[in-house]
Each structure stands twice: as structure tokens, then as C-alpha cells.
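Since the structure comes first, as C-alpha cells, the remarks are kept for the end.
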Amino acid sequence: MTDTTRRPALSPATRAAQALRRIDTSTGAVVPPIDLATTFARDADYAARQAYIYARDGGPTVEHAEAVLADLDGAAGSLAFASGMAGFAALTATLRVGDHVAAPRVMYHGGLSWLHWLGERQGIEATFFDAACDGALEAALRPGRTRLVWVESPANPSWDVVDIAAAAKAARAAGARLAVDCTAAPPCTTRALEHGADIAFHSGTKYLGGHSDLTAGVLSLAQRDTLWDDLSRARYLTGSVLGGFEAWLLIRGIRTLFPRFERASASALAIAERLAGHPAVERVLYPGLPSHPRHAVAARQMTGGFGGMLSIQVRGGRAAARAVVLACRLFIPATSFGGVESLIEHRRAVEGQYSEVPDNLLRLSVGIEDPDDLIADLEQALERAGCGR
Ligand SMILES: Cc1ncc(COP(=O)(O)O)c(C=O)c1O
């Protein structure tokens, strides 16, 4: 294999498009093979031929995906998991009874439920703070006890933005590590480690995969220290590694990440601007709008676009929100995000008991379709649903 793209002069977009240019020297194949082996024969000295022994610890395709991800994140190393939640669970598995976690009140609901579960059953206390409120993160810290500060930027589905550099400073002062859920702001727009985070987390199920056809999770670390060893061990012992085929799909998705994200960002901004003045819409939540309370931070942190995710709060409450979803002809009524097709979701319906999401909130995942078609679809749906009339 050759790897000639790791020269500093090449931009991350170029390196991602070529997936580190690992061209097979024997066949010239420009697409990597899919390695599905679960076990690897030892050599004449009974030594492992490469780093591989058993697939629960990874394999060649997983390693290729991790190299692409580490390059993209500017990380010392990346670990790929079978889902985002598997990565999050591995991270929390490194905590001990009595450790404290600070996390936002509005974050991906699965992670929120998991933190409540750990508090109730495993003696790991969490303090939940309002990420939209200045000083709230700092007030949630318990110096000496807080081991992990978790933030999500932009946060799903309020799209609150966190100043990662400020959060990193506060976490460090308290003796904690900062992990940033970058799922809605992948490294084509935000490289969290460069802003001082210790860990960049991604649900690869979203923008990295990009085609709604795989579940994956990623933890990229600024350093290969004891945390790296603990996470590798937790992944091996719990069997939460990404599969070979999914690793291949992840590599393929990342190759088009930059143009997909750029297109989705431009369309989402156009939609946000159009809906901001719409009589049926109470509020548009999108970091790309100058009216967003942390627009300036987002502009500094999201250098490759504000992303394809936005939420709207419609007039008329829950019934009106549901009616809009059902009136859409192009936006697909489904959960998840970051795929090439646009989705719309009544978020409250899936979020569960800890959610603070308003009942009139609809989450939009803007894909790569023609933005004029998407705007026309939303306008006809808002009209047909009769919001606020
Ligand atoms: C922001 C965010 N983080 C984490 C996750 C969990 O990822 P996965 O579904 O891949 O386990 C999700 C899933 O929707 C998410 O939206």
C-alpha cells in the first residue's frame, strides 16, 4: 500500500477524498478491499504477521477507517465503534464509582438517558447544565471529582453552540477531560481537538457515513495516553468494535463528506432564512442565522459551513407540528440525520422522559437535493397544515 497524501501541503478535503491514497501496490485498485476476516493466521514463529489476531480488536479495513478519521480530526489516534452509543458507553466505562460527569441538559437523548442510567445504577453522578447559559458549565464542575465534561456543539435538536476552547479551559482547570460530540459539526467544519478538546466523538451513522446505510461511532483522541489504552481495552472486552463492511462504508462516505456537507449547509441556510420570516413559524433554530445567540462563536468554530441541521418551532403546538410532517411530500418523516436525503421529525415523539424539547419543534435534516424543491415542499406543508390559523 502507498500513502502519499500525508504531506502537510494537502488540505484535509483532498486527503479525505482519496482516503489517504492507499492504493494497492499489487493490483492498483483505487478502492480499498473489504476485509471481513475474524481471525488471522500466525507466522512460522507463531507471531502475529501484522497487528491483527482477532477481529474484536479490529482488522485491516477498520484500521484504514481509523487512519482516515485520525487524519481528519488531527488526532493522535481514532477508535471506531459499532455505533455512536457504543463509543459513548466505552468512554463512560472508563469512569469509576464516585466519579462526576458534567453534561448538557439538551443533548442527544440516548446519551442523556445513558448518563441517568449510570447515575441510578452505577454510582456515577452527573450534573446537567444549560449549555446556552454563560457560566453554567463552569458552575457544574466539581474540581477534583469531575472526570469528564461532555458537550455537544451544535446540540441536537436545539442547535445551541458551545465555545469549545472555553469549555476545554474550564475542564482542564477542574482536572477533567473534555469530550465534544461533533456529530452535527464533523471535522470538515470543526476540528474539536484543535480547539483544545481531549476527545472528539462522532456518530458515524450521520454525516461521516452520509447515506443512511450504516451505524458507526468514533472516538478520536488528542493523545495516546492511559485513556487510549482503557478505551481500546473496553472496546475489545465488550466487543463493540466496528465491523469490516461498515468500516468500508464509512471510508466511502468520508470520501464525499466535504462536498456533501457544503451543499447541505448552503441549502439549510437558505431554508433557515426563508422560514425565519414565515407567518406559520414561531422560531428557527440554526447557528448560521445572525439571530442565533452564539452565531459569532459558531462562525469562528464552524469554518466549513453551519451544517444541514436546523429546527423550527411552528405555531399551533403539537398537532400543527405533526400535521406539517405528514403534509411533506419530499422531506421524509424519519429519525436520524446527515444523509443525502432530507428528513423531518417531530422530535418530542422520540426523545423520552428526560427531554426538554418543546412539543411544537420539528427537526430538519437537509440533504443534497435541489434547495428550491426543499423550500417549496416546506412551504406547501406549512400551508396545508394550516399552522396557527
Ligand atoms: C448528536 C448525536 N450523538 C450521538 C448519537 C448516537 O449515535 P448512534 O445512533 O450512531 O449510536 C446520535 C444519534 O442520533 C446523535 O444524534
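The values are calculated or read from the model by the stated rules, or taken from the named source; none is laboratory data. On a predicted model such as this, the values are computed, not experimentally measured, just so you know. Cβ coordinates were reconstructed from backbone atoms using ideal geometry, including for glycine residues, and neighbour counts include every protein chain displayed. All accessible areas refer to the heavy atoms of the entire protein, side chains included, with ligands and DNA or RNA removed. Shrake-Rupley method; radii C 1.70, N 1.55, O 1.52, S 1.80 Å.
Below is a table of values for the structure above.
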{"quantity": "Rotationally averaged projected area of region 1-96 (alpha carbon convex hull; nm²)", "calculated": "8.5"}
{"quantity": "Charge tally in the Cβ shell below 10 Å around Ala179, where Lys, Arg are +1 and Asp, Glu are -1, Ala179 excluded", "calculated": "-2"}
{"quantity": "Given charges at beta-carbon only (K, R positive; D, E negative), |dipole| of region 282-353 in Debye", "calculated": "220"}
{"quantity": "Evaluated at q = 0.19, 0.26, 0.30 Å⁻¹: base-10 log I(q)/I(0), Debye formula over Cα of region 20-75", "calculated": "-0.81, -1.08, -1.13"}
{"quantity": "Of all DSSP beta bridges in the chain, antiparallel share, percent nearest 5", "calculated": "60"}
{"quantity": "Cα-projected label distance for Thr303 with Glu138, points at 7 Å along beta-carbon direction, nm", "calculated": "2.7"}
{"quantity": "Ordering of 354-366, 23-35 by burial proxy (mean other Cβ atoms within 10 Å per residue, highest first)", "calculated": "354-366, 23-35"}
{"quantity": "Protection-proxy order for peptides 126-135, 178-187, each taking the mean of Cβ atoms within 10 Å per residue, highest first", "calculated": "178-187, 126-135"}
{"quantity": "For Gly243, net neighbour charge (Lys/Arg +1, Asp/Glu -1) across residues whose Cβ lies under 12 Å away", "calculated": "-1"}
{"quantity": "Total charge dipole magnitude, the chain, about the Cα centre, Cβ charges on Lys, Arg, Asp, Glu only, Debye to nearest 20", "calculated": "280"}
{"quantity": "Accessible carbon and sulfur surface of the chain relative to its total accessible area, %, 1.4 Å", "calculated": "53"}
{"quantity": "Trp117 - accessible surface, heavy atoms, 1.4 Å probe, Å² rounded to 10", "calculated": "100"}
{"quantity": "Spread of Cα-to-Cα distances over 10 Å intervals beginning at zero, given as percent, for the chain", "calculated": "5, 23, 32, 24, 12, 3, 1, 0"}
{"quantity": "Binned Cα-Cα distance frequencies in region 148-231 - 10 Å width, integer %", "calculated": "18, 49, 28, 4, 0"}
{"quantity": "Cβ-based charge dipole, region 220-307, positive-most Cα from Gly305, Gly244, Pro287", "calculated": "Gly305"}
{"quantity": "Translational diffusion of region 245-317, µm² s⁻¹ [Kirkwood Rh, Cα pairs; Stokes-Einstein; 10 °C; 1.306 mPa s]", "calculated": "116"}
{"quantity": "Cα gyration tensor category, rounded, prolate or oblate, for region 269-389 with a/c compared to 1.5", "calculated": "rounded"}
{"quantity": "Charge context of Glu383, other residues only, Cβ under 14 angstrom, K/R +1, D/E -1", "calculated": "+3"}
{"quantity": "Residue among Leu95, Leu343, Leu221 with the largest mean-square fluctuation in a Gaussian network model of the chain, springs linking Cα atoms under 10 Å", "calculated": "Leu95"}
{"quantity": "Residue of Thr146, Thr94, Thr189 that the Gaussian network model of the chain assigns the largest fluctuation, springs spanning Cα pairs under 10 Å", "calculated": "Thr94"}
